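**Student:** Structure incoming, see below.
The values are calculated or read from the model by the stated rules, or taken from the named source; none is laboratory data. As the structure is a computational prediction, the values presented were derived from the model and not from experiment. A quick note on method: Cβ atoms are made from the backbone with ideal geometry, for glycine too, and the neighbour counts reach across all protein chains shown. Side chains are part of the model used for accessible areas, which takes the heavy atoms of the whole protein and leaves out ligands, DNA and RNA. Shrake-Rupley method; radii C 1.70, N 1.55, O 1.52, S 1.80 Å.
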Amino acid sequence: MGRLSVLRCPKCGAESTSKSLFRCARCGSILEVQVAIDHLTRSDFEAMRRSRDLSIWRWFDFFPVEKRSAIVSLGEGNTPLIHARRLGERIGVANLYLKNDTVLPTGSLKDRSNSVGISVGKELGFATASVISTGNAAASVAAYAAAAGMQSVVMVPKGTALSKIIQARAYGAAVIVVDGRFDFEVAELYKNAVAEFGWYDCLSSNPYRVGKKSYAYELVDQFDGVIPDWVIHPTAGGTGILAMWQGFKEFLSLGWIERTPKLVAAQSEAAAPFVAAMAKGSLTIEAVVAKETVAESIQVGNPAALGWRALAALRESNGTAVALSDAEILAAQAQTANLAGIFAEPAAATSVAAARKFRASGVIKNDEVVVCNLTGHGLKQPEAIRFAENEFAPIAPTLDSLREQIRRLKDSATFPSSPLA
Ligand SMILES: Cc1ncc(COP(=O)(O)O)c(C=O)c1O
Ligand SMILES: [Zn+2]
């Protein structure tokens, strides 16, 4: 079944005449894609739930792809929703659930967006996909472009750690290292390059990257009738918050659910423009200069493309935003690994840090159902895991040295996750 989608301006209402222009010709805002869903019925819902395709594409009717043959999928979606009892007990939230997106094909939530974005790019006939990023988006765009038979170009600032770009290179991306700052010279060059070379731009300004709506669909399906009280999402550009909210609202408008959760944007205090805007009661996001943080993947100070809309979504959901320190983030990362068995990158663990903080301050009640999205794999940033000097020094193959080593490990209580503590 093919459906026509249109691009409409969320600010002034103007409709675009071209499917390849992402900005409103009248006011310059990023356009929003509209997909007609009014015809869907509850039996469609049940059919989607029964589909043998467990990827996000069982929700095909909600995505702006016209023909199923254009779908570029690596099996993204339907990630485990885990009742984390031990972790929940520790932080005082009995109904703590972890949405484990670390298992997505390239190890981060970006695959939800790029599966849809690249499918549309392929449908529109683009040959090359591009993005600026220092990590997760680069790898994801490169992987989906490879699967689609498209080239990919990834632009990063000088000084970006090799470990961050190697995954994109492995998928065949052309990685361009630029002598400049990410938010300034690199962003400017990228904008000009997209105009010059006609690449398919996969930044959050691409209106087709709405794959994160699937969080809402999957949670409704996996909870089977229960709507969580809170969904906490590590937030940078705001795509996740905005798309999730759209997803829940679509199901609400179709009568497939009766209520919606409160959404929470979890940010690093080094880059927390949503937190500042919520605290001020402002309708727009003021850019901040992002400082260093262990939560590298969400180190975004200027969520220019979608910030104001994600902010409105937070408010509409009766949710909020919260800032976490590096110490809180690292402690949450260690607890998530040690008590739930999931190794998430620091940025991803901000959701658990937020749950912990909100439970401690009473914002979250003990009996409420809380979902923390774990949005990226710990192996994306292995250097965040600290260990003692000489911790891995080889020991002599004797029981005496082993006893001595175990004693030493028990004593090394200086880290959030101390082995044999
Ligand atoms: C690991 C991780 N979590 C969360 C995000 C949040 O992005 P957004 O606010 O666009 O959903 C990102 C991307 O920037 C990320 O890499
Ligand atoms: Zn407009």
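Results for (1) within 13 Å of ligand 1 (Cβ to nearest atom); (2) on the phi > 0 side of the Ramachandran plot; (3) in contact with a His (Cβ under 7 Å, 6 or more places away or on another chain), shown as yes or no for each residue.
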{"position": "Ser214", "(1), (2), (3)": "yes, no, no"}
{"position": "Gly238", "(1), (2), (3)": "yes, yes, no"}
{"position": "Ile241", "(1), (2), (3)": "yes, no, yes"}
{"position": "Trp245", "(1), (2), (3)": "yes, no, no"}
{"position": "Leu252", "(1), (2), (3)": "no, no, no"}
{"position": "Ser282", "(1), (2), (3)": "no, no, no"}
{"position": "Val289", "(1), (2), (3)": "no, no, no"}
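**Student:** Being within 26 Å of Val369 (Cα to Cα) and open to solvent by 50 Å² or more (accessible area, probe 1.4 Å) narrows it down to one of Arg85, Arg58, so name that one.
**Tutor:** Numbers: Arg58 fails: open to solvent by 50 Å² or more (accessible area, probe 1.4 Å).
After applying the criteria, what remains is Arg85.
**Student:** Go through region 329-375 and report how many residues are within 16 Å of ligand 1 (Cβ to nearest atom) and of a type outside the set (Ser, Thr, Tyr). Steps first, answer last, please.
**Tutor:** Within region 329-375, the subset within 16 Å of ligand 1 (Cβ to nearest atom) is 329-330, 332-333, 336-337, 342-355, 371-375.
Filter once more, so that each one left must be of a type outside the set (Ser, Thr, Tyr): 329-330, 332-333, 337, 342-349, 352-355, 371-374.
The number of residues fulfilling the criteria is 21.
**Student:** Among the hydrophobic types (A, V, I, L, M, F, W, C), more than 16 Å from the chain's Cα centre (by Cα) and open to solvent by 10 Å² or more (accessible area, probe 1.4 Å): is that true of Ala279 in this structure?
**Tutor:** Values: among the hydrophobic types (A, V, I, L, M, F, W, C): yes; more than 16 Å from the chain's Cα centre (by Cα): yes; open to solvent by 10 Å² or more (accessible area, probe 1.4 Å): yes.
The answer is yes for Ala279.
**Student:** Right, here's the next one. Determine which single condition Phe223 fails, assuming it passes every other condition in (1) touching a helix residue (DSSP H, G or I) at 6+ places or on another chain (Cβ under 9 Å); (2) modelled with pLDDT of 95 or more.
**Tutor:** Only one criterion is unmet by Phe223, namely (1).
**Student:** Got at least one residue in region 172-185 being more than 15 Å from ligand 1 (Cβ to nearest atom), under 25 Å from His377 (Cα atoms) and not in a strand (DSSP E or B)? Walk me through it before giving the result.
**Tutor:** Going through region 172-185, the residues more than 15 Å from ligand 1 (Cβ to nearest atom) turn out to be 172-181, 184-185.
Right, trim to under 25 Å from His377 (Cα atoms) and you get 172-177.
Next cut, not in a strand (DSSP E or B) only: 172-173.
Yes: one or more hits.
**Student:** Moving on to the next point. Test Arg403 against the criterion of being assigned to a helix (DSSP H, G or I) and surrounded by 13 or more Cβ atoms within 10 Å (Cβ to Cβ), and give yes or no. Steps first, answer last, please.
**Tutor:** Working: assigned to a helix (DSSP H, G or I): yes; surrounded by 13 or more Cβ atoms within 10 Å (Cβ to Cβ): no.
No: the conditions fail for Arg403.
**Student:** Also, I was wondering about something else. What's the number of the condition Val220 fails, among (1) open to solvent by less than 20 Å² (accessible area, probe 1.4 Å); (2) within 24 Å of Glu345 (Cα to Cα)?
**Tutor:** Failing condition for Val220: (2).
**Student:** Separate question: Of everything in region 303-320 that's among the hydrophobic types (A, V, I, L, M, F, W, C) and open to solvent by 60 Å² or more (accessible area, probe 1.4 Å), which residue is farthest from Gly135 (Cα to Cα)? Outline the logic, then answer.
**Tutor:** First, pick out the residues of region 303-320 that are among the hydrophobic types (A, V, I, L, M, F, W, C): 304-306, 308, 310-314.
Okay, now just the ones that are also open to solvent by 60 Å² or more (accessible area, probe 1.4 Å), so 304, 308.
Details: Ala304: 19, Trp308: 24 Å.
So the residue we want is Trp308.
**Student:** Criterion first (within 16 Å of ligand 1 (Cβ to nearest atom), of a type in the set (Phe, Trp, Tyr) and touching a residue at least 12 places away in the same chain (Cβ under 8 Å)) does Trp308 satisfy it? Reasoning before the result, please.
**Tutor:** Numbers: within 16 Å of ligand 1 (Cβ to nearest atom): yes; of a type in the set (Phe, Trp, Tyr): yes; touching a residue at least 12 places away in the same chain (Cβ under 8 Å): yes.
When the stated conditions are applied, Trp308 passes them.
**Student:** Residues of region 130-147 being surrounded by fewer than 24 Cβ atoms within 10 Å (Cβ to Cβ) and part of a helix (DSSP H, G or I), which ones?
**Tutor:** Ala146, Ala147
**Student:** Identify, please: which residue in region 1-49 is closer than 23 Å to Trp256 by Cα and of a type in the set (Val, Ile, Thr) and is, among those, farthest from ligand 1 (Cβ to nearest atom)?
**Tutor:** Among those that are closer than 23 Å to Trp256 by Cα and of a type in the set (Val, Ile, Thr), it is Thr41.
**Student:** On to the next question. For region 40-48, check the following and say yes or no: at least one residue is at pLDDT 95 or above and closer than 30 Å to Met150 by Cβ. If you could, list the steps in order and put the result at the bottom.
**Tutor:** If we filter region 40-48 for residues that are at pLDDT 95 or above, which is where we start, we get 40-48.
Adding the requirement that they be closer than 30 Å to Met150 by Cβ leaves 48.
The answer is yes, given that some residue of region 40-48 is at pLDDT 95 or above and closer than 30 Å to Met150 by Cβ.
A quick yes/no check of all residues on (1) polar (S, T, N, Q); (2) under 21 Å from Thr239 (Cβ atoms); (3) surrounded by 16 or more Cβ atoms within 10 Å (Cβ to Cβ); (4) more than 10 Å from ligand 2 (Cβ to nearest atom):
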| site | (1), (2), (3), (4) |
| --- | --- |
| Arg8 | no, yes, yes, no |
| Glu15 | no, no, no, no |
| Ser18 | yes, no, no, yes |
| Phe22 | no, yes, yes, yes |
| Arg26 | no, no, no, no |
| Leu31 | no, yes, yes, no |
| Thr41 | yes, no, no, yes |
| Phe45 | no, no, yes, yes |
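**Student:** Need the failing condition index for Val300 against (1) open to solvent by 60 Å² or more (accessible area, probe 1.4 Å); (2) farther than 29 Å from Phe223 by Cα, just the number.
**Tutor:** (1) is the only condition that Val300 fails.
**Student:** Can I ask one more? Could you please give the count of residues in region 181-197 that are surrounded by 15 or more Cβ atoms within 10 Å (Cβ to Cβ) and either within 16 Å of Val154 (Cβ to Cβ) or without any contact (Cβ under 8 Å) to a residue 40 or more places away in the chain (or both)? Spell out the reasoning first.
**Tutor:** Residues of region 181-197 that are surrounded by 15 or more Cβ atoms within 10 Å (Cβ to Cβ), as a first pass: 182-183, 186-187, 189-190, 193-194.
Then keep just the ones that are either within 16 Å of Val154 (Cβ to Cβ) or without any contact (Cβ under 8 Å) to a residue 40 or more places away in the chain (or both); that gives 182, 186-187, 189-190, 193-194.
Qualifying residue count for the region: 7.
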